[in-house]
Amino acid sequence: MGIADDLARRQLREELDANSTALVAVEQELETRDTALATMGQNYDTLTERIAELELAREDSGWLQLGGESWEEFSRDGLATITYWSRLFYLKNPLIRRGVDVQSHYVWGRGMTVNIKDDDINEVIQAFRDDDKNKVEFTSRQAQMSKERELQTDGNLFFVLFTNEHSGQVRVRSIPFNEIADVIRNPEDNKEPWYYKRSYVREGWTPGTGSTFDQQTTEYFPDWKYHPKKKPTSIDDKPIHWDRPVYHVKTGGFSDWKFGVSEVYAAIDWAKAYKEFLEDWASITRSYRRFAWKATGMKSKGEIAAVKSKLGSTYASGGGTGAETTPPPVTGSIAMLTEGRDLQPVRTAGATVAAEDGRHIKLMVCAAMGLPETFFGDVSVGTLATAKSLNRPTELQMVSRQTLWGDIYAEIFNYVLMQQVKTTGGQLRGKGVVETVEQDGKTEYKLVWNDDVESKVDIDFPPIVEEDIDELISAIVDAATLKGSGLAGTIGQRELTRMLLVALHEEDIDETLEAMYPDNEEEEQVTWEEETAQAIASKFEEGLEKMLRKHAD
């Protein structure tokens, strides 16, 4: 009977070992399939990216014009593709978005001031800036930031200047870059644009039924400086809107090209490469997490299965409705093992690629954007000095961009003033004349002010680099007083106040000056040596009280 029991026990043990071995084999097969499915998913993602790259490569072949006016200029379809990817990368790639936003904040973060001495001219410019439609498109802080971003991603801005023929009022709108199909230029001078061809799908609306429909539309707009003596009404039966001239701003390309090119174009490939590097690094790191511990000392498959059953989760048994009978140990638990067995963490030191290894790829993005590495989140390479200042090339880049925008505003302001002088119902009628010069069948206009009109329009941006306010104010005061106790007459009081407000980062300087000097009057011309510091302070306080009363009302 004992022999029979031993045989039964041995047979049962062999069957259990066999079942355990089979169970291990099944689990290994399931793991193999899971790995295969994960690999297939990764392969699918890789295949999708490769297809996108092939499509982009196919489009690359059409970017360069192989004939026509300039073989080295991008075709219009190529520019559309570049702009599409530039905008897409701004939306989804942190490096591109960071670079574009940093420049936008440096250029427009502290605003712009406009100082005009002549009351009438100042009133016209302020009315133009305060117009609700102009705020949406051109003069508000939000519009300024938006246009700066678009100039970086598109390389082109097309401002349309709508002018009221009776009042001379000007409103600014813009045409999206993707709707400008071509630029018609002077055949003898490719830097003189004549017309802008706009081709787009306009959505129509039927008031009676409320239904909408699409209509392909093509129209032409003249360049704002092109004034031929004979103005045709159409080109190829498409209308020309002479009352809506276009002011074109382009960057990123060359002066003899029709269009500009996206300023982030040079950074796109490297931003994509850095993204793929970090994805690969994350995949490697994730693969190391698959196995955290290594158990050794098991001498048979049955022992392996037994250990696995003890360490494995039972929550999934019973279709996911069972209870967990082998919960993980709590922090600080003790592993109690028999002789010959061991449990060690899987060591990955030295076996992985560090995320910092991709730094030089990121530096290519920094170089393309013209920004230092510290602006992209790596503070380890920065110091207190870099945190409080800019390196010289970056500072000059931002100042240059502010100068560009200053020129844009100055030219459009001049156009606004010219319309107010030349239009019958203009507010500046009689304060100047618009002279015309006829040459080569074209007319050039020049605004000439009367001798008694102070027409200068000062456009200023606060300093790019944060300066020591105490030192700056001391320098302004020294310049105004020549280090004496009273004003020396070197700087007028209104201009001195404006300089101090700029130094103090006042947001609405024009409104503050208007509150302090409501009639735009300078202080009375007195003997500066006799004016005491107390009198200056009293007058300054009086202006501040006027400003505060205005805000209180």
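The values are calculated or read from the model by the stated rules, or taken from the named source; none is laboratory data. Nothing here was measured: the structure is a model prediction, and the numbers come from that model. Neighbour counts run over all protein chains shown; Cβ positions are idealised from the backbone, glycine included.
A few notes on this one:
- Evaluating Val457 against the criteria (1) surrounded by 15 or more Cβ atoms within 10 Å (Cβ to Cβ); (2) over 30 Å from His227 (Cα atoms); (3) modelled with pLDDT of 70 or more leaves one unmet condition, (2).
- Subset tally (residues that are aliphatic (A, V, I, L, M) and over 14 Å from the mean Cα position of the chain (by Cα)) for region 71-96: 3
- Each residue in region 284-309 was checked for being touching a residue at least 40 places away in the same chain (Cβ under 8 Å) and of a type in the set (S, T, N, Q), and 3 of them qualify.
- If you go through region 360-403 and keep only what is at pLDDT 85 or above and on the phi > 0 side of the Ramachandran plot, you end up with just Gly370.
- Subset of region 417-452 that is in contact with a Ser or Thr (Cβ under 9 Å, 6 or more places away or on another chain) and hydrophobic (A, V, I, L, M, F, W, C) - its residue that is nearest to Glu192 (Cα to Cα): Val437
- If only residues of region 222-275 that are hydrophobic (A, V, I, L, M, F, W, C) and out of contact with any strand residue (DSSP E or B) (no Cβ under 8 Å at 6 or more places or on another chain) are counted, the one that is surrounded by the most Cβ atoms within 10 Å (Cβ to Cβ) is Val264.
Table: residues versus (1) in contact (Cβ under 8 Å) with a residue 40 or more places away in the chain; (2) within 27 Å of Thr512 (Cβ to Cβ).
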| residue | (1), (2) |
| --- | --- |
| Gln419 | yes, no |
| Gly430 | no, no |
| Val434 | no, no |
| Ser455 | yes, yes |
| Phe461 | yes, yes |
| Gly486 | yes, yes |
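- Extreme residue, surrounded by the most Cβ atoms within 10 Å (Cβ to Cβ), among residues of region 143-168 that are on the phi < 0 side of the Ramachandran plot and modelled with pLDDT under 95: Thr163
- Cβ pairs under 6 Å, 6+ apart, first in region 247-261 and under 17 Å from Asp77 (Cα atoms), second surrounded by fewer than 19 Cβ atoms within 10 Å (Cβ to Cβ) and modelled with pLDDT of 95 or more: Gly260/Thr251
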